[in-house]
1. Quick check on this structure: which one of 187, 182 is closer than 23 Å to residue 122 by Cα, out of contact with any strand residue (DSSP E or B) (no Cβ under 9 Å at 6 or more places or on another chain), surrounded by fewer than 22 Cβ atoms within 10 Å (Cβ to Cβ) and not hydroxyl-bearing (Ser, Thr, Tyr)?
2. It is to be established whether one or more residues within the stretch 272-291 are assigned to a strand (DSSP E or B), hydrophobic (A, V, I, L, M, F, W, C), under 30 Å from residue 122 (Cα atoms) and touching a strand residue (DSSP E or B) at 6+ places or on another chain (Cβ under 6 Å).
3. Does the stretch 156-175 contain any residue that is within 21 Å of the chain's Cα centre (by Cα), exposed (fewer than 15 other Cβ atoms within 10 Å of the Cβ) and over 30 Å from residue 288 (Cβ atoms)?
4. Assuming residue 123 fulfils every condition listed in (1) at pLDDT below 95; (2) under 12 Å from residue 182 (Cβ atoms); (3) open to solvent by 70 Å² or more (accessible area, probe 1.4 Å) apart from one, which condition is it?
5. In contact with a strand residue (DSSP E or B) (Cβ under 8 Å, 6 or more places away or on another chain), within 30 Å of residue 188 (Cβ to Cβ) and polar (S, T, N, Q): does that describe residue 52?
6. Quick one: would you say residue 112 is open to solvent by 60 Å² or more (accessible area, probe 1.4 Å), within 27 Å of the chain's Cα centre (by Cα), among the hydroxyl-bearing types (Ser, Thr, Tyr) and at pLDDT below 95?
7. So, in the stretch 299-319, how many residues would count as being touching a residue at least 24 places away in the same chain (Cβ under 8 Å) and open to solvent by 30 Å² or more (accessible area, probe 1.4 Å)?
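The values are calculated or read from the model by the stated rules, or taken from the named source; none is laboratory data. Everything quoted here is computed from the prediction, not taken from an experiment. Glycine also receives a Cβ, built like all others from the backbone with ideal geometry; neighbour counts cover every protein chain displayed. With ligands, DNA and RNA removed, areas are computed over all heavy atoms of the protein, side chains included. Shrake-Rupley method; radii C 1.70, N 1.55, O 1.52, S 1.80 Å.
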Amino acid sequence: MIARRHVFHIGGYDPISPETQLERFRKSLGTFQKTWGVTVTAPGTPDAREVSASWPAQASGPNWQTDITYEMLRWDDLINEDHSRGMLSRLGAAFVTLGNWIVTGTLFRFFYSSWKYAGFFLFSYLWIAAFAAAGAAVGYGLIWLFGMSGATAWIAGVIAAAAVFTALLHHYGWRKPINHVFDDWIFSRQYVYGQRPRMKARVDEFAKTLVARAQKADVDEIVIVGHCLGAALVMETVARALKLDPDLTKHGPTICVLTVSATIPKFALHPAGTSVREASKLVADTPAVRWAEYHARDDVISFYRFDPVTLKRVSRERSDGRPNIRRIQMHDMMGMEQFKRYRFSFMRIHYQMVMGNQQRAPYDYCMILCGPLPFDEITAVGGGVTRFGADGALLAPDASSQPQAGASVNAA
């Protein structure tokens with residue numbers, strides 16, 4: 001059993017503060033406690049620094065206890081700086097990105113690998129097209145209504161169209177969230193071309209932090225979680241850590257990588273994405289690093305059934321460890337009623353991968369991070385569904401196939 005675990009979390013393009021992340025984590029732990037019948041606590045406040053923020057947690061059942069240190073590796077300050085750019089600057093850079101993704105063929109590779117993700121890429125551009133069409137319609141309507149013609153008509157029409165376009169973008173820009181997605185794609189283009197030196201330096205700091213924790217050798221397991229775009233940053237972090245310390249996996253703690261709702265191909269499919277491709281291959285080629293990646297069909301902001309290393313489609317689950325690819329169902333995790341409520345709330349579905357489950361399922365973010373089972377066991381095909389009793393007790397492997405009286409696989 002795992003008595004002590006250190007968790008590193010690298011989030012996606014979302015400027016979450018340590019306080020907000022801790023609040024979300026506690027909420028997930030509350031759900032985890034109800035679903036699995038365990039006892040969990042996450043006391044105190046975040047120990048926040050520029051590069052990371054950490055806090056302790058503890059989970060236990062009748063016959064086990066695991067102490068966890070949860071450490072988020074931060075880059076929220078850099079995202080907030082991106083969000084401060086002006087509307088014209090954002091639009092200009094966003095359309096440069098669109099042109100680049102078309103010219104390099106990256107957009108078409110998205111359609112091949114995941115048409116849903118390609119749709120997500122085009123999401124904000126379609127809103128902009130709709131705003132422009134609305135502005136043009138209003139401008140034309142004014143010209144027709146007042147019977148204008150010639151230069152006066154053109155000038156009035158353009159002014160009206162621009163005013164409507166600007167008003168719609170100002171009102172809906174952060175609500176949809178158009179601006180956020182544009183900033184994400186602008187960052188991605190700049191990062192893949194090496195134009196974000198501060199982000200590269202931040203990843204270097206992440207790698208040093210990982211190396212220092214592994215060398216300290218006072219935990220049983222280190223799990224590095226990458227969600228969404230953060231999965232690509234995890235690849236580079238672990239790859240750089242392996243280069244900084246070739247003995248990274250020999251200090252004692254098992255080094256484990258968990259990528260969920262991952263968008264590693266977002267970079268790797270771009271011709272300039274050499275660093276991410278090489279980092280992913282290095283992680284995959286290091287057998288001592290355990291790596292599991294979870295795919296969900298209903299999560300459109302990810303690459304479902306697509307290998308992040310070979311960049312080829314996979315038919316089903318794979319257990320060769322490079323990485324282990326697991327397919328999961330959102331309705332198994334959330335319950336059918338809640339799944340139907342949020343099915344078309346794409347961001348909510350996307351974030352379920354780093355939240356507590358309402359039902360016991362083969363994948364449970366909190367159980368992987370806080371439970372007593374080693375990474376290889378809890379990320380096996382069946383997960384922990386049959387390994388825990390109704391009261392949260394850990395069952396022996398030879399008894400796991402026989403449910404305890406009163407136990408419910410889908411306990412809520």
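1. 187
2. no
3. yes
4. (3)
5. Criteria met by residue 52.
6. yes
7. 6
So that you can scan it fast, the table gives a plain yes or no per residue for (1) of a type outside the set (Lys, Arg); (2) buried (at least 20 other Cβ atoms within 10 Å of the Cβ):
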position: 1; (1), (2): yes, no
position: 15; (1), (2): yes, no
position: 21; (1), (2): yes, yes
position: 34; (1), (2): no, no
position: 39; (1), (2): yes, no
position: 42; (1), (2): yes, no
position: 60; (1), (2): yes, no
position: 77; (1), (2): yes, no
